[in-house]
1. For the condition over 25 Å from W305 (Cβ atoms) and more than 16 Å from ligand 1 (Cβ to nearest atom), what is the one hit in G260, G221?
2. I'd like to know if the range 115-131 contains one or more residues that are within 12 Å of ligand 1 (Cβ to nearest atom) and among the acidic types (D, E).
3. Against the condition basic (K, R) and in the same structural domain as V129 (by TED's automatic domain parsing), how does K292 come out, does it pass?
4. Taking the range 183-217, which residues are more than 19 Å from V284 (Cα to Cα) and within 10 Å of ligand 1 (Cβ to nearest atom)?
5. Looking only at residues in the range 240-262 that are basic (K, R) and part of a helix (DSSP H, G or I), which one is nearest to P29 (Cα to Cα)?
6. So, in the range 181-202, how many residues would count as being in contact (Cβ under 8 Å) with a residue 24 or more places away in the chain, open to solvent by 10 Å² or more (accessible area, probe 1.4 Å), within 16 Å of ligand 2 (Cβ to nearest atom) and hydrophobic (A, V, I, L, M, F, W, C)?
7. Among the numbered criteria (1) under 17 Å from I301 (Cβ atoms); (2) modelled with pLDDT of 95 or more, which single criterion is violated by N200?
8. Which residue pairs have Cβ atoms under 8 Å apart, sit 6 or more places apart or on different chains, and have a first residue in the range 212-230 that is at pLDDT 95 or above and a second that is charged (D, E, K, R) and within 16 Å of ligand 1 (Cβ to nearest atom)?
Amino acid sequence: MNKRVLVTGGCGFIGSHTCVELAEAGYEPIIVDNLNNSERSVVDGISAIIGRPVKFIEADCCDPVAMEKVFSENDFSSIIHFAAYKSVNESSVKPLEYFKNNLGSLLNLLTLMREHNVPNIVFSSSCTVYGQADKLPVTEKTPRKEATTPYGLTKQMCEDILKNTAAAYPQLKTIALRYFNPIGAHPSALIGELPRGIPNNLLPYVTQTAAGIRECLSVFGDDYNTPDGSCIRDYIDVTDLAKAHVCAVNRMIEGKSKSGYEVFNVGTGNGVSTLEIVKTFEKVNNLKLNYKIAGRREGDIEAIWADPTYANEELGWKAVRPLEDTLKSAWQWQQNLARKK
Ligand code: NAD
Ligand code: WQD
């Protein structure tokens with residue numbers, strides 16, 4: 001059995017944690033990353049955790065020549081495709097860059113997979129494809145809403161590209177994992193999230209506020225139709241999320257896919273509010289966070305959380321790390337980052 005897995009975007013937040021879980025499950029990750037949103041030192045963090053060097057190739061997934069070389073020189077049977085631009089706000093300012101990178105990288109990979117007989121690909125999709133669902137929690141059958149940002153549209157389009165390509169080529173197996181809100185860091189605190197500039201996402205903003213890098217966290221809205229008025233999300237620990245990729249690769253390699261294109265929600269099934277995150281973060285890390293209630297953020301969804309039953313039953317995967325541990329790990333990672341600087 002070929003246990004080498006090409007991990008595009010493997011230096012990123014979710015990719016780096018997935019490389020660790022792959023290695024621990026007996027796979028050999030081969031990272032391709034152009035370091036557009038990450039650092040070379042992440043490779044050292046991964047290698048330190050797994051206790052051996054991990055292979056890293058600096059290349060752009062949209063570059064057909066560079067990627068042809070990657071495919072000819074490396075023998076792998078599966079790909080996990082994380083590489084993409086991921087800033088929702090930025091995508092509205094630079095839509096063409098988002099379409100080029102997020103669609104171009106996938107099209108390039110699918111073309112090379114055909115030419116080199118690589119049968120399996122796991123794709124990073126997002127709960128963003130659901131928009132504000134009419135009924136909660138969302139299952140994989142919940143209809144996707146029209147995308148409101150170019151970023152969200154790229155995720156929907158990539159899902160459709162996979163579905164249509166798999167329908168034409170029966171040897172191709174594809175799995176789209178719809179992540180909910182990934183947070184936290186590896187328990188070693190050797191890898192974690194590396195946001196550039198002012199973070200948009202809640203957890204990096206929380207940890208940077210606790211570290212004194214940001215003055216005050218704005219909680220965007222306390223007048224939503226939720227128990228405490230703040231928005232609700234399904235925060236999924238990044239190491240749990242990483243393990244879902246190992247299950248997806250296992251499923252394809254073992255020939256267990258039910259069709260060429262499968263979709264799974266990867267969430268905990270628990271809806272947690274912004275204020276609950278703030279309070280739990282304070283409690284488990286024994287600190288006080290400077291925060292204020294601010295106005296609603298444009299484009300925010302009131303509430304979403306996953307029904308992960310299909311992933312639990314079919315992938316044999318379940319989120320297990322308690323939120324408290326995840327929030328501790330996020331803070332440990334932030335403190336480690338501060339020590340390095
Ligand atoms: P990240 O930015 O930390 O990692 C992405 C990695 O891909 C980076 O290391 C970046 O340098 C690399 N990259 C980007 N374009 C590339 C290209 N053309 N060629 C080679 N490398 C390239 O992001 P992440 O949070 O780890 O997200 C990984 C994937 O999961 C993305 O596809 C993202 O859209 C998706 N996703 C993320 C979240 C989230 O909240 N973090 C939620 C849902 C889905
Ligand atoms: C979470 C909650 C905010 C920052 C985004 C993408 C989505 C997916 C995950 C990729 C919200 C509140 C946040 C702050 C706050 N990514 N918040 N103050 O918006 O659920 O989703 O990341 O696919 O596509 O849209 O994540 O971390 O930005 O926000 O109060 O400073 O925290 O209002 O309720 P979001 P987030």
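1. Selected residue: G260, the only one of G260, G221 that is over 25 Å from W305 (Cβ atoms) and more than 16 Å from ligand 1 (Cβ to nearest atom).
2. The answer is no; no qualifying residue exists.
3. Taking the combined requirement at face value, the residue does not satisfy it.
4. Within the range 183-217, E193, L194, P195, R196, N200, N201 meet the criteria.
5. K243
6. 2
7. Going through the list (1) under 17 Å from I301 (Cβ atoms); (2) modelled with pLDDT of 95 or more, N200 breaks only (2).
8. The qualifying pairs are F220/R297; F220/D300; G221/R297; G221/D300.
The values are calculated or read from the model by the stated rules, or taken from the named source; none is laboratory data. Small disclaimer: the values here were computed from a predicted structure and weren't measured. Every residue, glycine as well, gets a Cβ built from its backbone with ideal geometry; the counts of neighbours run over all protein chains shown. Just the protein is used for accessible areas: all its heavy atoms, side chains included, with ligands, DNA and RNA removed. Shrake-Rupley method; radii C 1.70, N 1.55, O 1.52, S 1.80 Å.
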